[in-house]
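Below is one structure, written out as structure tokens; the observations come after it.
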Amino acid sequence: MSVTEPVPTPVLRLAAASFGYSDRVVVSHVDLTIEPGDVIALLGPNGSGKSTLVRGILGLAEHLGGEVEFFGVPRDRFTDHTRIGYVPQRHSLSASVRATAEEVVAVGRLSHRPWWKPAGTADAAIVRKALATVGLGDRMKTDVSTLSGGQQRRVLIARALASQPDILVMDEPTAGVDVASQHVLADVLHHLAEQGTTMLIVTHELEALELIVNRIVCLRDGVIDFDGSPTAYAAHELAHEPGHHHHLHVTAPDHHDTGPLRSPQVVPKPKGGEHA
Ligand code: ADP
Ligand code: MG
């Protein structure tokens, strides 16, 4: 690397970060730096703290220690929230809400303009493009309650895309949807990766994403157990579980000094933990 080459500011930097709920530490001492263009699969057994980690990053779970920085700015001074797109776990659209796909995705534009200013043609174009990106360009006027679970997930991804974030954080985007939709979602994520979108994707379906991720991070009992390339991950899995290449539930012996860190009481099957 030449000296004149600028060092990119990391999208996200966690240093010894801990997150949890009302003083109960669930995820602890996480060191994680996400560079622009990284596509990271976050793996780990149910209850290992994946959702808590992403929710903590987004400020939706309590920040109980360490540092969180977005684009080089400590999170408590970071105000440009539209730069982070989030698709929560297991979220589908309520059947009671009558709204078209276009209307739902337009919500992604709200934070980009003052409340009194109506959506302009630029907003409309961004909404249209976001829906086209997830393969629903022909469903703009469709009532979301009539869409399949997989299509609703795609609408939610389009909503996150419409806010034109610098990083897209998705919690099990392909879980609980039919196989056909899983393939479409994997294609959508491929397409986004090709465009250079930085992504942090919680998933159990690594195989569907293995061609697009450049890094794999594994959580186990609230601590990072592995962080490296897919190749290194395969070797790590083979070393710990011969014959279980790509086995997703890391059960490697605990080589971390968990010392004073109390082990979270892992509930093996929190609601929504199972996947189809
Ligand atoms: P994962 O996404 O890896 O399945 P979670 O982050 O959902 O794991 O859960 C990790 C631990 O945090 C579990 O023991 C779970 O019961 C607990 N937990 C999750 N959400 C909450 C919450 N809102 N309040 C208290 N504890 C929670
Ligand atoms: Mg989860």
Check your understanding: Within the bounds of region 175-188, is there any residue that is buried (at least 24 other Cβ atoms within 10 Å of the Cβ) and touching a Leu at 6+ places or on another chain (Cβ under 9 Å)?
Key -> no
Review point. Taking region 2-36, which residues are among the small types (Gly, Ala, Ser) and part of a strand (DSSP E or B)?
Key: Ala15, Ala16, Ala17, Ser18, Gly20, Ser28
Revision key, fill the gap. Going through (1) at positive phi; (2) at pLDDT below 95; (3) open to solvent by less than 40 Å² (accessible area, probe 1.4 Å); (4) among the small types (Gly, Ala, Ser) one by one, Gly59 fails only at (3)
Exercise for review: Test Ser111 against the stated conditions and say whether it is within 16 Å of ligand 2 (Cβ to nearest atom), modelled with pLDDT under 85, open to solvent by 50 Å² or more (accessible area, probe 1.4 Å) and within 23 Å of the chain's Cα centre (by Cα).
Suggested key: no
Review point. If you go through region 197-232, how many residues are away from ligand 2 (no atom under 16 Å from the Cβ), of a type in the set (D, E, K, R) and under 14 Å from the mean Cα position of the chain (by Cα)?
Key: 1
Check your understanding: Taking only pairs six or more apart or across chains, which ones have beta-carbon atoms under 7 Å, a first residue in region 198-221 that is more than 15 Å from ligand 1 (Cβ to nearest atom) and at pLDDT below 95, and a second residue that is open to solvent by less than 10 Å² (accessible area, probe 1.4 Å) and not hydrophobic (A, V, I, L, M, F, W, C)?
Key -> Ala208/Thr174; Leu209/Thr203
Check your understanding: What are the residues in region 14-48 that are within 16 Å of ligand 2 (Cβ to nearest atom), open to solvent by less than 10 Å² (accessible area, probe 1.4 Å) and either under 17 Å from the mean Cα position of the chain (by Cα) or aromatic (Phe, Trp, Tyr) (or both), if any?
Key -> Phe19, Val27, Val30, Ile40, Ala41, Leu42, Leu43, Gly44, Ser48
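Quick grid of which residues meet (1) on the phi < 0 side of the Ramachandran plot; (2) within 16 Å of ligand 1 (Cβ to nearest atom); (3) open to solvent by 10 Å² or more (accessible area, probe 1.4 Å):
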{"position": "Ala125", "(1), (2), (3)": "yes, no, yes"}
{"position": "Arg128", "(1), (2), (3)": "yes, no, yes"}
{"position": "Leu131", "(1), (2), (3)": "yes, no, no"}
{"position": "Val144", "(1), (2), (3)": "yes, no, no"}
{"position": "Gln151", "(1), (2), (3)": "yes, no, yes"}
{"position": "Ala158", "(1), (2), (3)": "yes, no, no"}
{"position": "Asp166", "(1), (2), (3)": "yes, no, yes"}
{"position": "Val169", "(1), (2), (3)": "yes, yes, no"}
{"position": "Pro173", "(1), (2), (3)": "yes, yes, no"}
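The values are calculated or read from the model by the stated rules, or taken from the named source; none is laboratory data. Keep in mind that what you see is a predicted model, and the values were worked out from it rather than measured. Glycine also receives a Cβ, built like all others from the backbone with ideal geometry; neighbour counts cover every protein chain displayed. Each accessible area value is taken on the protein alone, full model and side chains, heavy atoms only, with ligands, DNA and RNA left out. Shrake-Rupley method; radii C 1.70, N 1.55, O 1.52, S 1.80 Å.
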